[in-house]
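Colleague: Dropping a structure here in structure tokens format, bear with me for questions.
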Amino acid sequence: MLGVIGGGQLGRMLAMAARRMGVRVAVWTGGLEAPAVELADEVIDLPFDDPQAIEHFCEVSTVATVEFENIPHATLEAVAARMPLHPSPRAVEICQNREREKNFLKQNNIPCAAFEVVATAEQLAAAMAKLSGPGVLKTADFGYDGHGQIKVQGDENPAEVWQKFNSPRGVLEAWVPFEMELSVMVARAADGSMVTYDPAENRHRSHILDLSIIPARIPSAVADEAAAIARKVAFALDYRGIMGVEFFLLADGSLLVNEIAPRPHNSGHHTLDACVTSQFEQQLRMVLGLPAGSTRLLTPVAMLNLLGDLWPEETTPPDWRPLFADGRALLHLYGKHNARLRRKMGHASFLADTPEDALQRATALRDHWLAEAAARRNSTGHA
Ligand code: AMP
């Protein structure tokens, strides 16, 4: 029985891969809403720090992994003391906190944006003076998808920014004038061997991933460099399993690491439909001590996130008919019943002969659904 800590859509897709291979799955939801539960053989729904839940999870699982990084360190240590847990508590601990993550990158000479750790208004003032210019103040802990981030121009009153920030610790990062955002999925096995997937070109809207285009439209030297940095990150973490490394690509062709995700990643969802081995099966292989599967991209693809914004009403999905009529578009829904703005409800893969065609079809459908949803909300008077 594979024990999965976390029960979100990543756990759901991991559980699907596990079931396909005849592996049983226990899902520990932490009491959060959990799309993975429908696929689970065993569900633990108590909080992640509950001793009874830890006991139950360890009782039923043979080997464990995480699909969500905001798990208390003591819980990860308790699980790792009882069974193999991949990735390790140390790797998760570094990646779950921006301050530790940035310090780790710096210590390992992995390129990232200039940053300063701040815990008081005075430290923020000093950091703003040092970085001089635009930046982003991000929470040190538990930040995701742009939550807890404040953009600064550099000439604000630091005391006011700090007050608005309202978090005990932060990381002030220099603003990166990037040309493109990229990510690389890397999988590292028990013997230290690694495989990488082709870089994804990622486009965000309101800080949330909107679209990934694969292969990224970048020179092969940049793709090689991104893969080399991702390998370096995995090696330095002594990582086992799959991870996502997000990058900023600058105009001069250089790369900066933005974030590391110690798990399957949203920008790797296309691997389900467009690669020999999906990121979820790859994770399973790494965790179970099996050899890696081929990461070969079979066809260009665009992955479109289906956010709640596309739903005309909370429980009324978009009209999927144009997607099915496309013929080379594949729908993945996570079984979430209520749509909310910014909520990840599912994704769709658009297979194509060229990345441009995939992107064009994905964008056209997304804009169609957005317009339909807006028209419906206007006509029913909902905000
Ligand atoms: P994060 O939650 O840190 O991954 O940030 C979410 C998104 O905000 C990124 O994917 C970028 O689009 C943008 N962003 C974050 N940090 C910076 C930065 N230092 N410079 C420019 N854009 C940024």
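The values are calculated or read from the model by the stated rules, or taken from the named source; none is laboratory data. Everything numeric in this text was worked out from a predicted model, so none of it was measured. Quick reminder, even Gly has a Cβ in these numbers, built from the backbone with ideal geometry, and neighbours come from all protein chains shown. Surface areas here come from the heavy atoms of the whole protein model, side chains and all, with no ligands, DNA or RNA. Shrake-Rupley method; radii C 1.70, N 1.55, O 1.52, S 1.80 Å.
Colleague: Would you pick out the residues in segment 56-113 that are within 20 Å of Met13 (Cα to Cα), under 17 Å from the mean Cα position of the chain (by Cα) and among the polar types (S, T, N, Q)?
Modeller: Result: Thr65, Asn70.
Colleague: Exactly one condition in (1) touching a Phe, Trp or Tyr at 6+ places or on another chain (Cβ under 8 Å); (2) within 12 Å of the ligand (Cβ to nearest atom); (3) open to solvent by 30 Å² or more (accessible area, probe 1.4 Å) is not met by Ser206; state its number.
Modeller: (1)
Colleague: Here is a further query. Scan (1) open to solvent by 70 Å² or more (accessible area, probe 1.4 Å); (2) in contact with a strand residue (DSSP E or B) (Cβ under 9 Å, 6 or more places away or on another chain); (3) farther than 18 Å from Met1 by Cβ for the single condition Pro87 breaks and write down its number.
Modeller: (1)
Colleague: Residue pairs, Cβ under 8 Å, 6 or more apart or interchain, first in segment 153-178 and aromatic (Phe, Trp, Tyr), second away from the ligand (no atom under 16 Å from the Cβ). List them.
Modeller: Every condition considered, the pairs that remain are Trp162/Thr120; Trp162/Ala121.
Colleague: Which one of these is more than 16 Å from the ligand (Cβ to nearest atom), assigned by TED's automatic domain parsing to the domain that holds Val276 and within 13 Å of the chain's Cα centre (by Cα): Ile214, Ile242?
Modeller: On inspection, the qualifying residue turns out to be Ile242.
Colleague: Being of a type in the set (A, V, I, L, M, F, W, C), open to solvent by 10 Å² or more (accessible area, probe 1.4 Å) and under 23 Å from Ser267 (Cα atoms) is the filter here, so list the residues in segment 14-31 that pass it.
Modeller: Scanning segment 14-31 gives Met16, Ala17.
Colleague: Here is a follow-up. Consider Arg169 carefully, then state whether it is open to solvent by less than 50 Å² (accessible area, probe 1.4 Å), among the basic types (Lys, Arg) and either touching a His at 6+ places or on another chain (Cβ under 8 Å) or away from the ligand (no atom under 13 Å from the Cβ) (or both). Give the steps one after another, and end with the answer.
Modeller: Working: open to solvent by less than 50 Å² (accessible area, probe 1.4 Å): no; among the basic types (Lys, Arg): yes; either touching a His at 6+ places or on another chain (Cβ under 8 Å) or away from the ligand (no atom under 13 Å from the Cβ) (or both): yes.
It is false that Arg169 is open to solvent by less than 50 Å² (accessible area, probe 1.4 Å), among the basic types (Lys, Arg) and either touching a His at 6+ places or on another chain (Cβ under 8 Å) or away from the ligand (no atom under 13 Å from the Cβ) (or both).
Colleague: Restricting attention to helices (runs of 4 or more DSSP H) lying wholly within segment 64-163, give those where 1 or more residues are under 30 Å from Val25 (Cα atoms) and more than 13 Å from the ligand (Cβ to nearest atom).
Modeller: Numbers: elements: 73-80, 89-95, 98-107, 121-131.
So the answer is 73-80, 89-95.
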